[in-house]
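Below is one structure; the comments refer to it alone.
The values are calculated or read from the model by the stated rules, or taken from the named source; none is laboratory data. Since the structure is predicted, the reported quantities are computational estimates derived from the model, not experimental observations. Every residue, glycine as well, gets a Cβ built from its backbone with ideal geometry; the counts of neighbours run over all protein chains shown.
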Amino acid sequence: MAGLQTDRYPTAKHEDWKYTALTPWFEASNKYVEPADMAIEPFSSEENAIYIDVVNGVLTLPDAPKGVTFKQAAQAEIAELADFQTDINERVMAQDCVDSDDAWLLIEVADRALVEYPIVIRSTNSLNTQAFTRMAIRLGEAAQATVIEEVSCAEQATSNQLAVVSLAKNAILKHAKFEQIADSAFHFAHYFVNQVETSHYNSTTLLLGGRIARQETIVNFNGADAECDVNSLYLGNDEQVLDTRSLIRHNAPNCFSRQLHKGVLAGNAGGVFNGRIFVDPVALKTDGLMDNNVLLLSPTAQNNSKPQLEIYADDVKCSHGFTCGQLDERQLFYMQARGIPEKQAKALMIYAFAADVVEHISSASLRRLVEPMIKTRLEKWI
């Protein structure tokens, strides 16, 4: 398989890619091979769940519960793409996903349907492969569902994901994503969410691996009294680059958005956060909050943050915050003075910092699964 045409991809001269150099990805692309038939055992998190497997871009669909439809769809059936065409055209990785030949996974939940068990999408890539996962999730009026994504990649693999989400009136979607890929693998993801009046979207993402992992979430409020809660946790070490982006467009009055993005960086890792809240002139009574907090565990780790507010309406409440620093020596001394060994005290402090995001995961079983994994990972960096 030929390498990428690097001239069509952004460089450090592009503002949105200033701190996320794609050179390691270009080098890995020269090693791409055709996917092997052997599937990698995906990482499992849920019991009594409905599993959808995506192995090297190939879908395996289970029987759907009452009120839910699973389907391999053609791109012409994904009408929601038109709502985000400009956004997609401005993002080359999203363009790549749209232009791929892999089938779309279409998940539809009927009006007033309550999906009892989580829908778990397990995406797996084998060694030296590039695969695309394309999804459309539609919730009807007053429908409720939980979707959990688990992403795993072998060495030198690339996972590129794109999802469009459409929430009807009073619909509630709880969405969690757990990415744990090989240290030399790559992950790019875009989520485009349309919300109408009184709908609710709750999203929590954990980025725990990869040479480069970059995710962007765009939410459009197109109806009054809608709410979204978008959170992420990124953990990086060595030469990893973890890039989190968000854009919340308040295009309707009386909408409510909350964002919490936290990072823990060690070694020579780099973190990037770029978040923007846009408030249209008609979006009176908007309430938007965005926070990015980063903990640096080494003098060579760095984080670049760019929170932005773009407000064109009066009578709104919007704020953003950013903090970046090291462990508080006074708190560490306080814990040691009470008999807690230094390494254990540091581990407790670091996990307490990260736990704010983990607690936003709606699935209790997923929280129980990821908590020890995060703790083990962080303890190795102390």
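The rows are residues; the columns are (1) of a type in the set (A, V, I, L, M); (2) modelled with pLDDT of 95 or more; (3) touching a strand residue (DSSP E or B) at 6+ places or on another chain (Cβ under 7 Å).
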residue	(1), (2), (3)
THR146	no, yes, yes
VAL164	yes, yes, yes
LYS174	no, yes, yes
ALA182	yes, no, yes
PHE186	no, yes, yes
TYR201	no, yes, yes
THR204	no, yes, yes
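Return yes or no: is ASP53 within 20 Å of the chain's Cα centre (by Cα) and not β-branched (Val, Ile, Thr)?
yes
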- Could you look through region 342-367, keep only residues that are modelled with pLDDT of 90 or more and not in a helix (DSSP H, G or I), and pick out the one that is surrounded by the fewest Cβ atoms within 10 Å (Cβ to Cβ)? GLU359
- Provide a single number: the residues in region 191-213 that are among the β-branched types (Val, Ile, Thr), touching a helix residue (DSSP H, G or I) at 6+ places or on another chain (Cβ under 9 Å) and either within 23 Å of LEU366 (Cβ to Cβ) or not in a strand (DSSP E or B) (or both). 2
- Note on the structure: GLU310: passes all of (1) closer than 25 Å to HIS261 by Cβ; (2) part of a helix (DSSP H, G or I); (3) of a type in the set (D, E, K, R) but (2)
- Message: Considering only residues that are under 30 Å from GLU47 (Cα atoms) and modelled with pLDDT of 95 or more, which ones fall in region 80-117?
- Response: TRP104, LEU105, LEU106, ILE107, GLU108, VAL109, ALA110, ASP111, ARG112, ALA113, LEU114, VAL115
- Query: Of all residues in region 314-328, how many are touching a Lys or Arg at 6+ places or on another chain (Cβ under 9 Å) and not in a strand (DSSP E or B)?
  - Reply: 3
- Selection status of VAL272, touching a helix residue (DSSP H, G or I) at 6+ places or on another chain (Cβ under 8 Å), under 17 Å from LEU206 (Cβ atoms), of a type outside the set (Lys, Arg) and surrounded by 22 or more Cβ atoms within 10 Å (Cβ to Cβ): no
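Here is a yes/no grid of residues against (1) without any contact (Cβ under 8 Å) to a residue 40 or more places away in the chain; (2) not hydrophobic (A, V, I, L, M, F, W, C); (3) not in a strand (DSSP E or B):
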| site | (1), (2), (3) |
| --- | --- |
| GLN215 | yes, yes, no |
| ILE218 | no, no, no |
| LEU233 | no, no, no |
| ASP243 | no, yes, no |
| SER246 | no, yes, no |
| ASN254 | yes, yes, yes |
| GLN259 | yes, yes, no |
| GLY263 | no, yes, no |
| ASN268 | yes, yes, yes |
- Note on the structure: Flagged in region 308-354 as free of Cβ contacts under 8 Å to residues at least 12 places away in the same chain and of a type outside the set (Val, Ile, Thr), in numbering order, are GLU329, ARG330, PHE333, TYR334, GLN336, ALA337, ARG338, GLY339, PRO341, GLU342, GLN344, ALA352
- When you look at GLU239, is it assigned to a strand (DSSP E or B), within 27 Å of SER126 (Cβ to Cβ) and not hydrophobic (A, V, I, L, M, F, W, C), yes or no? no
- Query: Within the bounds of region 105-124, is there any residue that is among the polar types (S, T, N, Q), surrounded by 19 or more Cβ atoms within 10 Å (Cβ to Cβ) and closer than 26 Å to PRO62 by Cβ?
  - Reply: yes
- Task: Could you check how many residues of region 280-300 are assigned to a loop (DSSP other than H, G, I, E, B) and either under 21 Å from GLU15 (Cα atoms) or of a type outside the set (Gly, Ala, Ser) (or both)?
- Result: 9
- Among the residues of region 333-380, how many are over 16 Å from SER232 (Cα atoms) and among the small types (Gly, Ala, Ser)? 6
- Query: Looking only at residues in region 296-323 that are farther than 24 Å from ALA347 by Cα and of a type in the set (Ser, Thr, Tyr), which one is surrounded by the most Cβ atoms within 10 Å (Cβ to Cβ)?
  - Reply: SER305
- Would you call PHE278 more than 17 Å from THR205 (Cβ to Cβ), surrounded by 17 or more Cβ atoms within 10 Å (Cβ to Cβ), aromatic (Phe, Trp, Tyr) and out of contact with any helix residue (DSSP H, G or I) (no Cβ under 9 Å at 6 or more places or on another chain)? yes
- Identify, from the list GLU46, GLU27, GLU77, the residue that is over 22 Å from GLU216 (Cα atoms), in contact with a helix residue (DSSP H, G or I) (Cβ under 7 Å, 6 or more places away or on another chain) and either at pLDDT 90 or above or among the charged types (D, E, K, R) (or both). GLU46
- Pairs, first among the basic types (Lys, Arg) in region 357-373, second part of a helix (DSSP H, G or I), C-beta under 8 Å, six or more apart: ARG367/VAL358
- So which residues in region 206-227 are of a type in the set (A, V, I, L, M, F, W, C) and either at pLDDT 95 or above or buried (at least 23 other Cβ atoms within 10 Å of the Cβ) (or both), if there are any at all? LEU206, LEU207, ILE212, ALA213, ILE218, VAL219, PHE221, ALA224, ALA226
